[in-house]
Amino acid sequence: MANSFVHVELHTNDLAKAKTFYTKLFGWKLQDMPMPGGGTYTMIDVGTGTGGGMMTAQPPGSPPRWQAYVGVDDVAAATRNARELGAKVMMDKTEVGDAGWMSVIVDPTGAAIALWQPKPRQGGQKK
C-alpha cells in the first residue's frame with residue numbers, strides 16, 4: 001500500500017447545517033447510515049477523488065474539524081511505529097463495524113491524523 005489519503009471526515013456540532021452548506025457549495029451526494037453502537041454517519045460521495053463522511057463531533061463538544069485518514073496495511077503496527085517515532089496515541093486500534101480498523105495519533109508537531117486498515121471483502125479483495 002502506498003499510504004495514501006483514503007478518507008476525510010468532518011466532525012461537527014451542527015450536522016444539519018454542515019450537510020446543507022457542503023451540498024449547496026460542492027454538490028456532494030450525502031447518504032446517512034447507521035453507525036455500529038448507535039448514531040448516524042453521513043457518507044460523502046464527491047464523484048471522483050477521495051470521499052469522506054460527516055458525523056457529530058466526538059467527543060461531544062469538541063471543536064469542529066476535518067480529520068484525514070491514511071491507508072495502512074496493518075493499523076496496529078503503524079500505530080506502534082508512530083508511538084516509537086514520538087507520536088501520542090489518542091485512540092488505539094479500534095474496529096469500525098464491517099469496514100475495518102482505525103487509530104488516531106497526534107504527530108510530534110501536534111497535528112492529528114487517523115490511520116485506516118480496511119477489512120478484506122469476501123473473495124480476498126479489500127474494501
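Just to be sure, is VAL104 open to solvent by less than 30 Å² (accessible area, probe 1.4 Å), more than 21 Å from ASP14 (Cβ to Cβ) and in contact with a strand residue (DSSP E or B) (Cβ under 6 Å, 6 or more places away or on another chain)? It is true that VAL104 is open to solvent by less than 30 Å² (accessible area, probe 1.4 Å), more than 21 Å from ASP14 (Cβ to Cβ) and in contact with a strand residue (DSSP E or B) (Cβ under 6 Å, 6 or more places away or on another chain). Per this entry, TRP116 is counted among residues that are touching a residue at least 60 places away in the same chain (Cβ under 8 Å) and surrounded by 13 or more Cβ atoms within 10 Å (Cβ to Cβ).
Could you look through segment 10-21, keep only residues that are part of a helix (DSSP H, G or I) and open to solvent by 60 Å² or more (accessible area, probe 1.4 Å), and pick out the one that is farthest from THR40 (Cα to Cα)?
To start, the set of residues in segment 10-21 that are part of a helix (DSSP H, G or I) comprises 15-21.
Among the residues that remain, those that are also open to solvent by 60 Å² or more (accessible area, probe 1.4 Å) are: 16-17, 20-21.
On the way: ALA16: 12, LYS17: 15, THR20: 16, PHE21: 18 Å.
Going through the qualifying residues, I end up with PHE21.
Going through segment 22-54 one residue at a time, which ones are touching a residue at least 40 places away in the same chain (Cβ under 8 Å), closer than 21 Å to PHE5 by Cβ and out of contact with any helix residue (DSSP H, G or I) (no Cβ under 7 Å at 6 or more places or on another chain)?
The first filter runs over segment 22-54 and keeps only residues touching a residue at least 40 places away in the same chain (Cβ under 8 Å), leaving 35-36, 50-54.
The next check asks that each one be closer than 21 Å to PHE5 by Cβ; those that pass are 50-54.
Answer for segment 22-54, where residues must be touching a residue at least 40 places away in the same chain (Cβ under 8 Å), closer than 21 Å to PHE5 by Cβ and out of contact with any helix residue (DSSP H, G or I) (no Cβ under 7 Å at 6 or more places or on another chain): THR50, GLY51, GLY52, GLY53.
Quick check on segment 71-93. Is at least one of its residues among the small types (Gly, Ala, Ser), surrounded by 14 or more Cβ atoms within 10 Å (Cβ to Cβ) and either free of Cβ contacts under 8 Å to residues at least 12 places away in the same chain or in contact with a Leu (Cβ under 6 Å, 6 or more places away or on another chain) (or both)? Break it down stepwise before answering.
Taking segment 71-93 and keeping what is among the small types (Gly, Ala, Ser), we get 71, 76-78, 82, 86-87.
Among the residues that remain, those that are also surrounded by 14 or more Cβ atoms within 10 Å (Cβ to Cβ) are: 71, 76, 78, 82, 87.
Filter once more, so that each one left must be either free of Cβ contacts under 8 Å to residues at least 12 places away in the same chain or in contact with a Leu (Cβ under 6 Å, 6 or more places away or on another chain) (or both): 78.
Yes, that holds for at least one residue.
Only a single item in (1) at pLDDT 95 or above; (2) hydrophobic (A, V, I, L, M, F, W, C); (3) closer than 19 Å to THR94 by Cα is not met by ILE44, and it is number (3).
Of everything in segment 50-60, what is open to solvent by less than 70 Å² (accessible area, probe 1.4 Å) and either over 13 Å from VAL8 (Cα atoms) or not hydroxyl-bearing (Ser, Thr, Tyr) (or both)? Give them in sequence order.
First, the residues of segment 50-60 that are open to solvent by less than 70 Å² (accessible area, probe 1.4 Å): 50-55, 57.
Answer for segment 50-60, where residues must be open to solvent by less than 70 Å² (accessible area, probe 1.4 Å) and either over 13 Å from VAL8 (Cα atoms) or not hydroxyl-bearing (Ser, Thr, Tyr) (or both): GLY51, GLY52, GLY53, MET54, MET55, ALA57.
Scanning segment 22-48 for residues that are open to solvent by 70 Å² or more (accessible area, probe 1.4 Å), closer than 16 Å to VAL8 by Cα and part of a loop (DSSP other than H, G, I, E, B) gives a single hit, THR48.
The values are calculated or read from the model by the stated rules, or taken from the named source; none is laboratory data. None of these values were measured; they are calculated from a predicted model. Positions of Cβ are backbone-derived with ideal geometry, glycine not excepted, and every protein chain shown enters the neighbour counts. Heads up: the accessible areas ignore ligands, DNA and RNA and are worked out on the full protein's heavy atoms, side chains in. Shrake-Rupley method; radii C 1.70, N 1.55, O 1.52, S 1.80 Å.
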